[in-house]
Amino acid sequence: MPKVPIQLVLNGEERAEFVDSGATLLKVIRDKLGDTSPKGGCHQGTCGACSVEIDGELKLSCLVLAETCGGADVSTVSSLSSDGVLHPLQRAFMENFAAQCGFCTPGMIMAAKSLLDRIPDPTRDDVIEAISGNICRCTGYEPIIQAILTAARANSLTAA
Amino acid sequence: MTLALQNFPSIEAATAALASPGARYLGGGTLVVRAANEGDVELRTFVRATDPRLNDITVSDGAVRLGASVTMASIARHPQLSAIAPAARAVGGPAIRNMATVGGNLFAPAPYGDFAVALLALDAKAEIDGSLIPLEDLLAGRATRYASSIVAGVSFGLPAQGSFRFAKVSRVKPKGISVLSIAATIEMAPDGTVKSARIALGCMADHPVRARAAEAALAGCRLDKEEVAPALALAAEGTSPITDPIASAWYRKEVLPVHLGRLLLS
Ligand SMILES: Cc1cc2nc3c(=O)[nH]c(=O)nc-3n(C[C@H](O)[C@H](O)[C@H](O)COP(=O)(O)OP(=O)(O)OC[C@H]3O[C@@H](n4cnc5c(N)ncnc54)[C@H](O)[C@@H]3O)c2cc1C
Ligand code: FES
Ligand code: FES
(Lines give C-alpha, C1' and ligand atoms only; values in the text may rest on other atoms or scores of the structure.)
(Ligands and ions follow the chains in the order given, each with its own letter.)
Protein backbone atom coordinates (compact mmCIF):
# COMPACT_ATOMS: atom_id res chain seq x y z
CA MET A 1 0.00 0.00 0.00
CA PRO A 2 1.48 3.43 -0.88
CA LYS A 3 2.56 5.46 2.13
CA VAL A 4 2.19 9.18 2.51
CA PRO A 5 4.23 11.28 4.95
CA ILE A 6 2.26 13.48 7.33
CA GLN A 7 3.25 15.88 10.06
CA LEU A 8 0.82 17.14 12.65
CA VAL A 9 0.58 18.21 16.26
CA LEU A 10 -1.19 15.63 18.43
CA ASN A 11 -2.06 16.75 21.96
CA GLY A 12 0.59 19.45 21.84
CA GLU A 13 3.37 17.22 20.53
CA GLU A 14 4.80 17.35 17.00
CA ARG A 15 4.44 14.01 15.28
CA ALA A 16 5.53 12.72 11.88
CA GLU A 17 4.50 9.41 10.33
CA PHE A 18 4.13 7.54 7.08
CA VAL A 19 0.47 6.60 6.75
CA ASP A 20 -1.49 4.47 4.29
CA SER A 21 -2.94 6.64 1.60
CA GLY A 22 -6.68 6.97 2.20
CA ALA A 23 -6.40 6.05 5.92
CA THR A 24 -8.74 7.86 8.29
CA LEU A 25 -7.41 10.10 11.04
CA LEU A 26 -9.03 7.78 13.61
CA LYS A 27 -7.01 4.82 12.36
CA VAL A 28 -3.79 6.82 12.29
CA ILE A 29 -4.23 8.26 15.80
CA ARG A 30 -4.97 4.83 17.24
CA ASP A 31 -2.74 2.49 15.24
CA LYS A 32 0.19 4.70 14.28
CA LEU A 33 0.39 7.44 16.89
CA GLY A 34 -0.54 5.20 19.82
CA ASP A 35 -3.36 7.24 21.33
CA THR A 36 -6.27 4.82 21.71
CA SER A 37 -8.57 7.31 23.45
CA PRO A 38 -10.76 8.06 20.40
CA LYS A 39 -12.98 5.03 19.78
CA GLY A 40 -14.29 3.56 16.54
CA GLY A 41 -17.94 2.77 17.18
CA CYS A 42 -19.47 2.93 13.71
CA HIS A 43 -17.05 4.49 11.18
CA GLN A 44 -20.18 6.08 9.70
CA GLY A 45 -20.40 9.40 11.50
CA THR A 46 -23.35 8.30 13.62
CA CYS A 47 -21.96 7.51 17.09
CA GLY A 48 -19.52 10.33 17.87
CA ALA A 49 -17.13 8.07 19.82
CA CYS A 50 -14.26 9.15 17.54
CA SER A 51 -14.79 12.92 18.13
CA VAL A 52 -11.58 14.97 18.30
CA GLU A 53 -10.71 18.62 17.85
CA ILE A 54 -8.90 19.62 14.68
CA ASP A 55 -7.60 23.20 14.81
CA GLY A 56 -10.07 23.84 17.61
CA GLU A 57 -13.14 22.45 15.80
CA LEU A 58 -14.97 19.31 16.89
CA LYS A 59 -14.84 16.72 14.08
CA LEU A 60 -15.39 13.02 13.56
CA SER A 61 -11.97 11.44 13.05
CA CYS A 62 -13.52 8.39 11.32
CA LEU A 63 -14.64 10.60 8.42
CA VAL A 64 -11.45 12.67 8.05
CA LEU A 65 -8.59 11.47 5.86
CA ALA A 66 -5.31 11.69 7.79
CA GLU A 67 -3.63 13.14 4.69
CA THR A 68 -5.84 16.22 4.91
CA CYS A 69 -4.49 16.97 8.42
CA GLY A 70 -0.94 17.92 7.48
CA GLY A 71 0.11 20.81 9.74
CA ALA A 72 -3.08 20.55 11.79
CA ASP A 73 -3.40 20.77 15.56
CA VAL A 74 -5.30 17.68 16.74
CA SER A 75 -6.47 17.06 20.31
CA THR A 76 -8.08 14.01 21.81
CA VAL A 77 -9.45 13.52 25.31
CA SER A 78 -5.90 12.48 26.31
CA SER A 79 -4.91 16.14 26.12
CA LEU A 80 -7.24 17.16 28.93
CA SER A 81 -5.51 15.73 31.99
CA SER A 82 -1.93 16.41 32.92
CA ASP A 83 0.23 14.62 35.50
CA GLY A 84 -2.79 12.71 36.74
CA VAL A 85 -4.79 15.89 37.39
CA LEU A 86 -8.19 15.51 35.77
CA HIS A 87 -9.97 18.19 33.75
CA PRO A 88 -13.17 19.46 35.46
CA LEU A 89 -15.22 17.61 32.83
CA GLN A 90 -13.43 14.35 33.53
CA ARG A 91 -13.93 14.78 37.26
CA ALA A 92 -17.61 15.64 36.79
CA PHE A 93 -18.14 12.58 34.58
CA MET A 94 -16.59 10.40 37.29
CA GLU A 95 -18.51 11.97 40.16
CA ASN A 96 -21.86 11.93 38.33
CA PHE A 97 -21.54 8.30 37.14
CA ALA A 98 -21.68 9.57 33.57
CA ALA A 99 -19.63 6.62 32.31
CA GLN A 100 -20.60 2.97 32.52
CA CYS A 101 -18.82 0.95 29.83
CA GLY A 102 -16.97 4.16 28.96
CA PHE A 103 -16.91 3.62 25.20
CA CYS A 104 -18.75 6.86 24.41
CA THR A 105 -16.92 8.88 27.09
CA PRO A 106 -13.92 10.20 25.09
CA GLY A 107 -16.26 11.52 22.39
CA MET A 108 -18.80 12.86 24.88
CA ILE A 109 -16.12 14.76 26.78
CA MET A 110 -14.69 16.27 23.58
CA ALA A 111 -18.20 17.34 22.49
CA ALA A 112 -18.76 18.82 25.96
CA LYS A 113 -15.41 20.62 25.92
CA SER A 114 -16.21 22.10 22.54
CA LEU A 115 -19.50 23.40 24.02
CA LEU A 116 -17.91 24.90 27.16
CA ASP A 117 -15.19 26.59 25.08
CA ARG A 118 -17.93 28.41 23.16
CA ILE A 119 -20.58 28.74 25.89
CA PRO A 120 -19.06 28.53 29.40
CA ASP A 121 -22.48 28.82 31.00
CA PRO A 122 -24.76 26.53 28.91
CA THR A 123 -28.43 25.79 29.44
CA ARG A 124 -29.68 22.23 29.59
CA ASP A 125 -30.88 22.58 25.98
CA ASP A 126 -27.43 23.77 24.89
CA VAL A 127 -25.97 20.63 26.48
CA ILE A 128 -28.49 18.35 24.77
CA GLU A 129 -27.79 19.99 21.42
CA ALA A 130 -24.02 19.73 21.97
CA ILE A 131 -24.08 15.98 22.55
CA SER A 132 -26.76 15.28 19.94
CA GLY A 133 -24.17 13.67 17.65
CA ASN A 134 -22.94 11.30 20.37
CA ILE A 135 -24.62 8.01 21.20
CA CYS A 136 -24.48 6.39 24.64
CA ARG A 137 -25.97 2.90 24.99
CA CYS A 138 -25.50 2.67 28.76
CA THR A 139 -26.31 5.72 30.83
CA GLY A 140 -29.58 7.01 29.37
CA TYR A 141 -27.85 10.41 28.93
CA GLU A 142 -29.20 12.07 32.10
CA PRO A 143 -25.99 11.55 34.15
CA ILE A 144 -23.96 12.88 31.20
CA ILE A 145 -26.10 16.03 30.98
CA GLN A 146 -25.76 16.52 34.76
CA ALA A 147 -21.99 16.01 34.59
CA ILE A 148 -21.57 18.64 31.89
CA LEU A 149 -23.75 21.14 33.77
CA THR A 150 -21.79 20.40 36.96
CA ALA A 151 -18.45 20.96 35.21
CA ALA A 152 -19.73 24.25 33.79
CA ARG A 153 -20.71 25.41 37.29
CA ALA A 154 -17.35 24.29 38.70
CA ASN A 155 -15.58 26.25 35.95
CA SER A 156 -17.57 29.40 36.64
CA LEU A 157 -16.73 29.11 40.37
CA THR A 158 -13.00 28.93 39.61
CA ALA A 159 -13.30 31.80 37.15
CA ALA A 160 -15.09 34.00 39.72
CA MET B 1 -8.15 -1.60 -2.03
CA THR B 2 -5.98 1.49 -2.06
CA LEU B 3 -7.46 4.93 -2.02
CA ALA B 4 -5.47 7.90 -3.20
CA LEU B 5 -6.02 11.58 -2.46
CA GLN B 6 -5.15 14.12 -5.13
CA ASN B 7 -5.01 17.82 -4.25
CA PHE B 8 -5.20 20.49 -6.93
CA PRO B 9 -4.78 24.22 -6.41
CA SER B 10 -7.31 25.03 -9.16
CA ILE B 11 -10.88 23.88 -9.70
CA GLU B 12 -10.17 23.39 -13.42
CA ALA B 13 -7.36 20.89 -12.78
CA ALA B 14 -9.49 19.06 -10.22
CA THR B 15 -12.35 18.86 -12.74
CA ALA B 16 -10.03 17.24 -15.27
CA ALA B 17 -8.94 14.67 -12.67
CA LEU B 18 -12.58 13.80 -11.88
CA ALA B 19 -12.93 12.32 -15.37
CA SER B 20 -10.89 9.22 -14.36
CA PRO B 21 -12.88 6.14 -13.40
CA GLY B 22 -13.44 5.78 -9.66
CA ALA B 23 -12.59 9.43 -8.95
CA ARG B 24 -14.88 11.28 -6.53
CA TYR B 25 -14.72 14.87 -5.34
CA LEU B 26 -13.99 15.17 -1.61
CA GLY B 27 -15.86 17.94 0.20
CA GLY B 28 -16.15 17.60 3.98
CA GLY B 29 -16.16 13.84 3.49
CA THR B 30 -19.17 13.03 5.70
CA LEU B 31 -20.75 11.00 2.89
CA VAL B 32 -17.82 9.98 0.68
CA VAL B 33 -15.42 8.90 3.43
CA ARG B 34 -18.31 7.05 5.01
CA ALA B 35 -18.86 5.28 1.66
CA ALA B 36 -15.15 4.35 1.60
CA ASN B 37 -15.36 3.05 5.20
CA GLU B 38 -18.35 0.95 4.19
CA GLY B 39 -16.33 -0.65 1.39
CA ASP B 40 -17.49 1.18 -1.75
CA VAL B 41 -15.29 -0.71 -4.22
CA GLU B 42 -15.85 1.76 -7.04
CA LEU B 43 -13.99 4.48 -5.17
CA ARG B 44 -10.34 4.77 -6.24
CA THR B 45 -9.36 8.40 -5.90
CA PHE B 46 -10.51 11.35 -3.85
CA VAL B 47 -10.04 14.61 -5.70
CA ARG B 48 -9.86 17.89 -3.84
CA ALA B 49 -9.44 21.50 -4.96
CA THR B 50 -7.75 23.86 -2.52
CA ASP B 51 -8.60 27.17 -4.25
CA PRO B 52 -9.19 29.58 -1.32
CA ARG B 53 -12.31 31.01 -3.04
CA LEU B 54 -14.04 27.75 -2.15
CA ASN B 55 -13.98 28.84 1.50
CA ASP B 56 -15.25 32.41 1.05
CA ILE B 57 -18.53 33.83 2.32
CA THR B 58 -19.39 37.23 0.84
CA VAL B 59 -22.47 39.27 1.65
CA SER B 60 -22.81 42.64 -0.05
CA ASP B 61 -25.88 44.70 -0.95
CA GLY B 62 -28.12 41.77 -0.11
CA ALA B 63 -26.27 39.42 -2.50
CA VAL B 64 -24.76 36.32 -0.92
CA ARG B 65 -22.08 34.04 -2.31
CA LEU B 66 -21.10 30.90 -0.42
CA GLY B 67 -18.01 29.00 -1.58
CA ALA B 68 -18.72 25.29 -2.00
CA SER B 69 -16.37 24.33 0.87
CA VAL B 70 -18.13 26.61 3.38
CA THR B 71 -19.43 24.50 6.27
CA MET B 72 -22.87 24.45 7.89
CA ALA B 73 -21.26 25.64 11.16
CA SER B 74 -19.78 28.76 9.56
CA ILE B 75 -23.13 29.64 7.97
CA ALA B 76 -24.96 29.06 11.27
CA ARG B 77 -22.70 31.51 13.14
CA HIS B 78 -22.34 34.16 10.41
CA PRO B 79 -23.83 37.45 11.70
CA GLN B 80 -25.31 38.44 8.31
CA LEU B 81 -26.81 35.03 7.51
CA SER B 82 -29.16 34.66 10.47
CA ALA B 83 -32.18 34.37 8.12
CA ILE B 84 -30.89 31.06 6.70
CA ALA B 85 -29.07 29.84 9.85
CA PRO B 86 -31.97 27.53 10.87
CA ALA B 87 -31.46 25.50 7.68
CA ALA B 88 -27.70 25.16 8.31
CA ARG B 89 -28.37 24.22 11.94
CA ALA B 90 -30.79 21.49 10.78
CA VAL B 91 -27.92 19.44 9.35
CA GLY B 92 -26.57 16.70 11.67
CA GLY B 93 -25.00 17.32 15.08
CA PRO B 94 -22.24 19.83 15.93
CA ALA B 95 -19.32 17.73 14.62
CA ILE B 96 -21.11 16.99 11.33
CA ARG B 97 -21.86 20.72 10.93
CA ASN B 98 -18.15 21.51 11.33
CA MET B 99 -17.45 19.19 8.37
CA ALA B 100 -20.54 19.20 6.11
CA THR B 101 -20.10 21.58 3.17
CA VAL B 102 -22.53 23.46 0.95
CA GLY B 103 -21.19 21.63 -2.13
CA GLY B 104 -21.65 18.21 -0.53
CA ASN B 105 -25.19 19.05 0.56
CA LEU B 106 -26.15 19.79 -3.06
CA PHE B 107 -25.13 16.24 -3.98
CA ALA B 108 -26.40 14.47 -0.84
CA PRO B 109 -29.12 11.95 -1.70
CA ALA B 110 -32.47 12.08 0.17
CA PRO B 111 -33.13 11.93 3.12
CA TYR B 112 -30.13 14.30 3.24
CA GLY B 113 -29.85 17.68 1.57
CA ASP B 114 -31.74 19.89 4.04
CA PHE B 115 -29.62 22.94 3.23
CA ALA B 116 -30.03 22.36 -0.52
CA VAL B 117 -33.81 22.56 0.05
CA ALA B 118 -33.34 26.02 1.56
CA LEU B 119 -31.11 27.11 -1.34
CA LEU B 120 -33.73 25.92 -3.84
CA ALA B 121 -36.42 28.05 -2.19
CA LEU B 122 -33.99 31.00 -2.31
CA ASP B 123 -33.69 30.55 -6.09
CA ALA B 124 -29.92 30.09 -5.78
CA LYS B 125 -27.59 29.67 -8.74
CA ALA B 126 -24.69 27.24 -8.76
CA GLU B 127 -21.33 28.19 -10.22
CA ILE B 128 -19.96 25.48 -12.54
CA ASP B 129 -17.11 25.99 -15.01
CA GLY B 130 -17.44 29.75 -14.63
CA SER B 131 -21.18 29.94 -15.42
CA LEU B 132 -24.17 30.27 -13.15
CA ILE B 133 -26.85 27.62 -13.54
CA PRO B 134 -30.23 27.48 -11.79
CA LEU B 135 -30.07 25.20 -8.75
CA GLU B 136 -33.12 23.31 -9.97
CA ASP B 137 -31.19 22.21 -13.10
CA LEU B 138 -28.17 21.19 -11.07
CA LEU B 139 -30.26 19.14 -8.63
CA ALA B 140 -32.18 17.42 -11.44
CA GLY B 141 -28.98 16.67 -13.36
CA ARG B 142 -26.59 15.95 -10.50
CA ALA B 143 -26.44 12.20 -11.17
CA THR B 144 -26.19 12.60 -14.93
CA ARG B 145 -25.11 15.76 -16.70
CA TYR B 146 -23.33 17.28 -13.69
CA ALA B 147 -22.07 14.05 -12.08
CA SER B 148 -18.42 14.90 -12.80
CA SER B 149 -18.69 18.66 -12.36
CA ILE B 150 -17.36 20.68 -9.48
CA VAL B 151 -19.57 23.36 -7.97
CA ALA B 152 -17.39 26.33 -7.00
CA GLY B 153 -20.08 28.13 -5.02
CA VAL B 154 -23.71 29.23 -4.84
CA SER B 155 -25.23 32.72 -5.07
CA PHE B 156 -28.60 34.07 -4.02
CA GLY B 157 -30.28 37.21 -2.79
CA LEU B 158 -30.67 37.52 0.96
CA PRO B 159 -34.41 37.13 1.65
CA ALA B 160 -36.31 40.18 2.89
CA GLN B 161 -36.99 40.22 6.64
CA GLY B 162 -39.52 37.54 7.55
CA SER B 163 -40.00 36.23 3.99
CA PHE B 164 -37.98 33.01 4.36
CA ARG B 165 -39.29 30.06 6.34
CA PHE B 166 -37.76 26.65 6.93
CA ALA B 167 -38.90 23.51 8.72
CA LYS B 168 -37.30 20.13 9.13
CA VAL B 169 -39.59 17.36 10.30
CA SER B 170 -37.83 14.53 12.13
CA ARG B 171 -38.73 11.90 14.66
CA VAL B 172 -35.57 12.09 16.78
CA LYS B 173 -34.84 15.48 18.31
CA PRO B 174 -32.61 17.44 18.13
CA LYS B 175 -30.66 15.82 15.31
CA GLY B 176 -32.84 13.23 13.59
CA ILE B 177 -32.80 12.59 9.87
CA SER B 178 -35.59 14.22 7.86
CA VAL B 179 -39.04 12.78 7.38
CA LEU B 180 -39.17 15.82 5.15
CA SER B 181 -37.84 19.34 4.98
CA ILE B 182 -39.66 22.36 3.62
CA ALA B 183 -38.39 25.82 2.73
CA ALA B 184 -40.48 28.70 1.48
CA THR B 185 -39.73 32.22 0.31
CA ILE B 186 -42.92 34.24 0.33
CA GLU B 187 -43.27 37.75 -0.94
CA MET B 188 -46.37 39.61 0.25
CA ALA B 189 -48.27 42.31 -1.63
CA PRO B 190 -49.16 45.55 0.22
CA ASP B 191 -52.79 44.33 0.54
CA GLY B 192 -51.66 41.39 2.71
CA THR B 193 -52.01 38.69 0.06
CA VAL B 194 -49.26 36.49 -1.35
CA LYS B 195 -47.54 38.13 -4.30
CA SER B 196 -45.28 35.19 -5.09
CA ALA B 197 -44.14 32.00 -3.38
CA ARG B 198 -41.30 29.59 -3.91
CA ILE B 199 -41.64 26.33 -2.00
CA ALA B 200 -38.96 23.64 -1.97
CA LEU B 201 -39.35 20.12 -0.58
CA GLY B 202 -36.79 17.58 0.62
CA CYS B 203 -37.43 13.78 0.69
CA MET B 204 -40.37 14.21 -1.73
CA ALA B 205 -38.13 12.88 -4.56
CA ASP B 206 -34.54 11.61 -4.67
CA HIS B 207 -33.44 15.27 -4.87
CA PRO B 208 -35.00 18.52 -3.57
CA VAL B 209 -37.92 19.68 -5.76
CA ARG B 210 -40.21 22.71 -6.09
CA ALA B 211 -43.92 22.44 -5.25
CA ARG B 212 -45.05 24.41 -8.29
CA ALA B 213 -48.77 23.60 -8.09
CA ALA B 214 -48.93 24.77 -4.49
CA GLU B 215 -46.89 27.89 -5.32
CA ALA B 216 -49.35 28.87 -8.07
CA ALA B 217 -52.36 28.19 -5.84
CA LEU B 218 -50.95 30.41 -3.07
CA ALA B 219 -50.66 33.51 -5.25
CA GLY B 220 -53.30 36.06 -4.25
CA CYS B 221 -54.21 34.24 -1.03
CA ARG B 222 -54.17 35.55 2.48
CA LEU B 223 -52.12 33.37 4.82
CA ASP B 224 -55.08 32.03 6.77
CA LYS B 225 -56.48 28.55 7.20
CA GLU B 226 -59.26 28.78 4.61
CA GLU B 227 -57.30 30.51 1.88
CA VAL B 228 -54.21 28.26 2.01
CA ALA B 229 -56.27 25.05 1.95
CA PRO B 230 -56.31 24.65 -1.88
CA ALA B 231 -52.50 25.08 -1.99
CA LEU B 232 -52.03 22.45 0.73
CA ALA B 233 -54.22 20.01 -1.19
CA LEU B 234 -51.83 20.40 -4.15
CA ALA B 235 -48.60 20.25 -2.10
CA ALA B 236 -47.62 16.70 -3.07
CA GLU B 237 -48.59 17.03 -6.73
CA GLY B 238 -45.93 15.66 -9.04
CA THR B 239 -43.77 14.34 -6.20
CA SER B 240 -42.45 10.80 -5.76
CA PRO B 241 -41.23 10.63 -2.16
CA ILE B 242 -38.56 8.21 -1.02
CA THR B 243 -39.29 5.22 1.19
CA ASP B 244 -36.63 4.56 3.81
CA PRO B 245 -36.44 3.36 7.45
CA ILE B 246 -37.60 6.82 8.61
CA ALA B 247 -40.90 6.89 6.67
CA SER B 248 -42.71 5.43 3.68
CA ALA B 249 -43.56 7.39 0.56
CA TRP B 250 -47.25 7.12 1.51
CA TYR B 251 -46.60 8.62 4.95
CA ARG B 252 -44.54 11.47 3.54
CA LYS B 253 -47.36 12.38 1.11
CA GLU B 254 -49.92 12.20 3.92
CA VAL B 255 -48.07 14.50 6.33
CA LEU B 256 -46.65 17.03 3.85
CA PRO B 257 -49.81 19.21 3.73
CA VAL B 258 -49.98 19.28 7.54
CA HIS B 259 -46.39 20.48 7.93
CA LEU B 260 -46.58 22.91 5.01
CA GLY B 261 -49.74 24.33 6.56
CA ARG B 262 -47.99 24.84 9.92
CA LEU B 263 -45.06 26.54 8.19
CA LEU B 264 -47.30 28.90 6.20
CA LEU B 265 -49.55 29.78 9.13
CA SER B 266 -46.75 30.13 11.71
C1 LIG C 1 -24.36 11.17 11.07
C2 LIG C 1 -24.76 11.98 9.88
C3 LIG C 1 -25.84 12.83 9.96
C4 LIG C 1 -26.23 13.61 8.87
N5 LIG C 1 -27.30 14.42 9.00
C6 LIG C 1 -27.67 15.18 7.95
C7 LIG C 1 -28.79 16.04 8.05
O8 LIG C 1 -29.45 16.13 9.09
N9 LIG C 1 -29.13 16.78 6.97
C10 LIG C 1 -28.43 16.74 5.80
O11 LIG C 1 -28.76 17.46 4.87
N12 LIG C 1 -27.37 15.92 5.68
C13 LIG C 1 -26.97 15.15 6.71
N14 LIG C 1 -25.91 14.31 6.58
C15 LIG C 1 -25.28 14.17 5.27
C16 LIG C 1 -24.08 15.07 5.01
O17 LIG C 1 -23.32 15.25 6.17
C18 LIG C 1 -24.45 16.46 4.49
O19 LIG C 1 -25.39 16.35 3.45
C20 LIG C 1 -23.26 17.26 4.02
O21 LIG C 1 -23.62 18.58 3.66
C22 LIG C 1 -22.50 16.63 2.88
O23 LIG C 1 -21.36 17.46 2.64
P24 LIG C 1 -19.86 16.93 2.66
O25 LIG C 1 -19.02 18.10 2.35
O26 LIG C 1 -19.53 16.16 3.85
O27 LIG C 1 -19.93 15.95 1.39
P28 LIG C 1 -18.92 14.85 0.88
O29 LIG C 1 -19.12 13.58 1.60
O30 LIG C 1 -17.54 15.38 0.80
O31 LIG C 1 -19.50 14.71 -0.61
C32 LIG C 1 -20.83 14.26 -0.85
C33 LIG C 1 -21.03 14.17 -2.36
O34 LIG C 1 -20.99 15.46 -2.95
C35 LIG C 1 -19.97 15.56 -3.91
N36 LIG C 1 -19.41 16.92 -3.77
C37 LIG C 1 -18.98 17.51 -2.61
N38 LIG C 1 -18.61 18.78 -2.85
C39 LIG C 1 -18.81 19.00 -4.18
C40 LIG C 1 -18.59 20.12 -5.03
N41 LIG C 1 -18.11 21.29 -4.57
N42 LIG C 1 -18.88 19.99 -6.35
C43 LIG C 1 -19.37 18.81 -6.83
N44 LIG C 1 -19.59 17.73 -6.07
C45 LIG C 1 -19.31 17.81 -4.76
C46 LIG C 1 -19.01 14.45 -3.57
O47 LIG C 1 -18.26 14.02 -4.67
C48 LIG C 1 -19.94 13.37 -3.07
O49 LIG C 1 -20.50 12.67 -4.13
C50 LIG C 1 -25.50 13.52 7.66
C51 LIG C 1 -24.39 12.69 7.58
C52 LIG C 1 -24.02 11.91 8.66
C53 LIG C 1 -22.81 11.03 8.54
S1 FES D 1 -16.73 6.02 14.81
FE2 FES D 1 -16.80 8.03 14.07
S3 FES D 1 -18.85 8.59 14.46
FE4 FES D 1 -18.85 6.49 15.05
S1 FES E 1 -21.12 4.59 28.89
FE2 FES E 1 -21.39 2.87 27.60
S3 FES E 1 -21.90 3.83 25.73
FE4 FES E 1 -21.91 5.49 27.08
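The values are calculated or read from the model by the stated rules, or taken from the named source; none is laboratory data. Since this is a predicted model, take the numbers as computed values, not measurements. Methodologically, a virtual Cβ is constructed for each residue, glycine included, from the backbone with ideal geometry; neighbour enumeration extends over all protein chains shown. Keep in mind that these areas ignore ligands, DNA and RNA; they rest on the heavy atoms of the full protein, side chains included. Shrake-Rupley method; radii C 1.70, N 1.55, O 1.52, S 1.80 Å.
Please figure out what share of the DSSP beta bridges in the protein assembly as shown is antiparallel and state it in percent, rounded to the nearest 5.
85 percent
Ignore the peptide's own chain and count Cβ atoms of other chains within 10 Å of each Cβ in A:129-142; give me the average, rounded.
On the way: counts 6, 4, 4, 10, 9, 4, 0, 0, 0, 0, 0, 0, 0, 0.
Per residue, the number of nearby Cβ atoms from other chains is 3 on average.
So what's the net charge close to B:Leu263: Lys and Arg +1, Asp and Glu -1, counting the other residues with Cβ under 12 Å from its Cβ?
Values: positive: B:Arg165, B:Lys168, B:Arg262; negative: none.
For residues surrounding B:Leu263, the net value is +3.
I need the Kirkwood Rh of region B:57-121: take the reciprocal of the average 1/r across all distinct C-alpha pairs and report it in angstrom.
With all distinct Cα pairs of region B:57-121 included, I get 11.7 Å.
Across all directions of projection, what mean area in square nanometres is found for the Cα convex hull of region A:88-159?
Averaged projected hull area, Cα only: 4.1 nm².
When the accessible area of chain B is computed with all protein chains present and a 1.4 Å probe, what percentage of it is carbon and sulfur? Walk me through the numbers before you get to the answer.
Values: 6280 of 11570 Å².
Percent of accessible area from carbon and sulfur atoms in chain B: 54.
Given the protein assembly as shown reduced to its alpha-carbon atoms as identical point scatterers, what log10 I(q)/I(0) does the Debye formula return at q = 0.09, 0.10, 0.12, 0.14 Å⁻¹?
Reported log10 I(q)/I(0), two decimals: -0.60, -0.74, -1.03, -1.31.
Taking a temperature of 4 °C and a viscosity of 1.567 mPa s, what whole-number D in µm²/s does Stokes-Einstein yield for region B:1-152 with Rh from Kirkwood over alpha carbon pairs?
Once the numbers are plugged in, D ends up at 82 µm²/s.
May I ask you to give the average projected area over all directions of the convex hull of the Cα atoms of region A:3-76, in nm² rounded to one decimal? If you can, show how the numbers build up before the last one.
Working: hull surface 16.3 nm².
Averaged projected hull area, Cα only: 4.1 nm².
Where a Cα-Cα gap under 24 Å defines reach, which lysines qualify for A:Lys32, not counting those fewer than 8 residues away within the same chain?
By straight Cα distance, A:Lys32 reaches A:Lys3, A:Lys59.
Starting from the Kirkwood Rh over alpha-carbon pairs, what translational D in µm² s⁻¹ does chain B have by Stokes-Einstein at 37 °C and 0.692 mPa s?
This corresponds to a translational diffusion coefficient of 173 µm²/s.
With the Cα gyration tensor of region B:156-226 in hand, give its eigenvalues times 5 under a square root as the equivalent ellipsoid semi-axes, listed largest first in whole angstrom.
So the equivalent ellipsoid measures 24, 14, 12 Å along its semi-axes.
Treating only the Cα positions of chain A as identical point scatterers, give the base-10 log of I(q)/I(0) from the Debye formula at each q in 0.11, 0.12, 0.15, 0.17 Å⁻¹.
-0.43, -0.51, -0.77, -0.96
Any idea how far the Cα center of region B:132-150 sits from the one of region B:202-266, in Å?
24 Å
In whole angstrom, how far apart do the alpha carbon centroids of region B:1-59 and region A:71-146 sit?
Result: 32 Å between the Cα centres.
Taking just the C-alpha trace of region B:84-147, give me its Rg and Dmax in Å.
When restricted to the Cα atoms of region B:84-147, Rg and Dmax are 11.9, 33 Å.
Using the structure shown, list the pairs from B:Lys175/B:Lys225; B:Lys125/B:Lys253; B:Lys195/B:Lys253; B:Lys195/B:Lys225 with a Cα-Cα distance above 23 Å, or answer none.
Violating the 23 Å Cα-Cα cut-off are B:Lys175/B:Lys225; B:Lys125/B:Lys253; B:Lys195/B:Lys253.
Expressed as a rounded percentage, what relative contact order does region A:3-76 have, with Cα pairs under 8 Å and six or more residues apart?
With pairs under 8 Å counted, the relative contact order is 39 percent.
What is the sum of charges around A:Val9, taking Lys and Arg as +1, Asp and Glu as -1, for the other residues whose C-beta is under 12 Å from the C-beta of A:Val9?
Summing Lys and Arg as +1 and Asp and Glu as -1 gives -4.
With θ set to phi - 60°, apply the Karplus curve 6.51 cos²θ - 1.76 cosθ + 1.60 along region B:82-96 and write out the HN-Hα couplings as whole Hz, x wherever there is a Gly or Pro.
4, 4, 9, 4, x, 6, 5, 6, 6, 8, x, x, x, 5, 4
Report, in debye and to the nearest 20, how large the dipole of region A:3-76 comes out about its Cα centre when Lys and Arg carry +1 and Asp and Glu carry -1 on their Cβ. Before the final figure, lay out the partial values.
Values: 7 positive and 11 negative charges, 64 e Å.
Dipole about the Cα centre, nearest 20: 300 debye.
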